[in-house]
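Q: Quick one: this structure, given as structure tokens, is what I'll be asking you about.
The values are calculated or read from the model by the stated rules, or taken from the named source; none is laboratory data. As the structure is a computational prediction, the values presented were derived from the model and not from experiment. Cβ: placed from backbone, ideal geometry, glycine included. Neighbour counts: every protein chain shown.
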């Protein structure tokens, strides 16, 4: 019965997502949403992928990584090389970007994920800076001057990528592998004593998160006409980290909601460069003071509906 309800909720979510896509696509086709709003939608989608992928690493597995911009950069530059240098289709470039980013995640994950806490954070931060400096000094991709990239990212393509990302991460979290990752987050020592291969599951989560970050990088690089190494500094990693923390550690819905809200706020404050960061910082500080657990805490949108349903059921029993 529980499996049936879960499957029903899953397909209902897919149906609602498709309806949302149809409505937005209709508004775009009718000209209601101009190029500015379309670009905002694309940025929201890319940030949702980044937030969801980091949520798997930090929120589910409990590994404090602050080098996610490194995987974003790998995906961005690899996809740009595939399309601009080798002239392969964009879809192929997206897949290759995700695979190479995942390999980079495994490469850095195998040695560094034996570390914990602050040491892991420093290691991942160092990885992100190594990647940025590498592209900064590589003339093949333009070095500090950046690399010219054709605009190939579209709203339907971003929507499909977001949908696949959320479905994969949700299903992974609800699987036995996801439960093992959650046990590592709750108490790694206890999980290890129960026979769970903690290093293996941390590397797997890191690899999956890096894969989707690479896909986001491919979409990001082909949404603009030039990519620069400076776009992938440690501040970019902190921006992605804020999505996860603000949404609520352990909540995929919260990460998605925070990515949407902060992207919209950042976009509309772009006209006020002098005060943008001040307002942005004040909002975050206020949020951390009055709701330190984040927007959703550890809850999902589905748990809210379940609670309402459970409350109604309890009321019926009381009346009876």
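Q: Looking only at residues that are part of a helix (DSSP H, G or I), surrounded by 16 or more Cβ atoms within 10 Å (Cβ to Cβ) and in contact with a helix residue (DSSP H, G or I) (Cβ under 7 Å, 6 or more places away or on another chain) in region 109-123, which one is modelled with the highest pLDDT?
A: Checked region 109-123; the qualifying residue modelled with the highest pLDDT is 123.
Q: Regarding residue 93, is this residue in contact with a strand residue (DSSP E or B) (Cβ under 7 Å, 6 or more places away or on another chain), buried (at least 18 other Cβ atoms within 10 Å of the Cβ) and farther than 22 Å from residue 255 by Cβ?
A: So residue 93 does not fit the description; no.
Q: Still on this structure, I have one more. For the condition at pLDDT 95 or above, crowded, with 17+ Cβ neighbours inside 10 Å and closer than 30 Å to residue 13 by Cα, what is the one hit in 203, 162?
A: After ruling out the rest, the residue left standing is 162.
Q: Among (1) closer than 30 Å to residue 301 by Cα; (2) outside any helix (DSSP H, G or I); (3) modelled with pLDDT of 95 or more, there is one condition residue 71 misses while meeting the rest; what is its number?
A: (2)
Q: All but one of (1) closer than 18 Å to residue 40 by Cα; (2) touching a helix residue (DSSP H, G or I) at 6+ places or on another chain (Cβ under 8 Å) hold for residue 241, so report the exception by its number.
A: If we test residue 241 against (1) closer than 18 Å to residue 40 by Cα; (2) touching a helix residue (DSSP H, G or I) at 6+ places or on another chain (Cβ under 8 Å), just (1) comes out false.
Q: If we keep just the residues of region 285-320 that are in a helix (DSSP H, G or I), within 30 Å of residue 16 (Cα to Cα) and under 22 Å from the mean Cα position of the chain (by Cα), which is modelled with the highest pLDDT?
A: Applying the filter and picking the extreme gives 287.
Q: To continue, here is another question. Can you find a residue that is closer than 25 Å to residue 40 by Cβ, touching a helix residue (DSSP H, G or I) at 6+ places or on another chain (Cβ under 6 Å) and at pLDDT 75 or above anywhere in region 272-282?
A: Scanning region 272-282 turns up no residue that is closer than 25 Å to residue 40 by Cβ, touching a helix residue (DSSP H, G or I) at 6+ places or on another chain (Cβ under 6 Å) and at pLDDT 75 or above.
Q: Next question. Tally time: how many residues in region 61-85 are farther than 20 Å from residue 234 by Cα and buried (at least 24 other Cβ atoms within 10 Å of the Cβ)?
A: Residues in region 61-85 being farther than 20 Å from residue 234 by Cα and buried (at least 24 other Cβ atoms within 10 Å of the Cβ): 3 in total.
Q: Would you list the helices (runs of 4 or more DSSP H) that sit entirely within region 167-273 and hold 1 or more residues that are under 30 Å from residue 84 (Cα atoms) and touching a residue at least 40 places away in the same chain (Cβ under 8 Å)?
A: Output list reads 198-221, 234-247, 252-268.
Q: For residue 100, are the conditions met, namely being in a helix (DSSP H, G or I), closer than 17 Å to residue 135 by Cβ, within 19 Å of the chain's Cα centre (by Cα) and without any contact (Cβ under 8 Å) to a residue 60 or more places away in the chain?
A: no
Q: Related question: When you look at residue 225, is it in contact with a strand residue (DSSP E or B) (Cβ under 9 Å, 6 or more places away or on another chain) and surrounded by fewer than 17 Cβ atoms within 10 Å (Cβ to Cβ), yes or no?
A: yes
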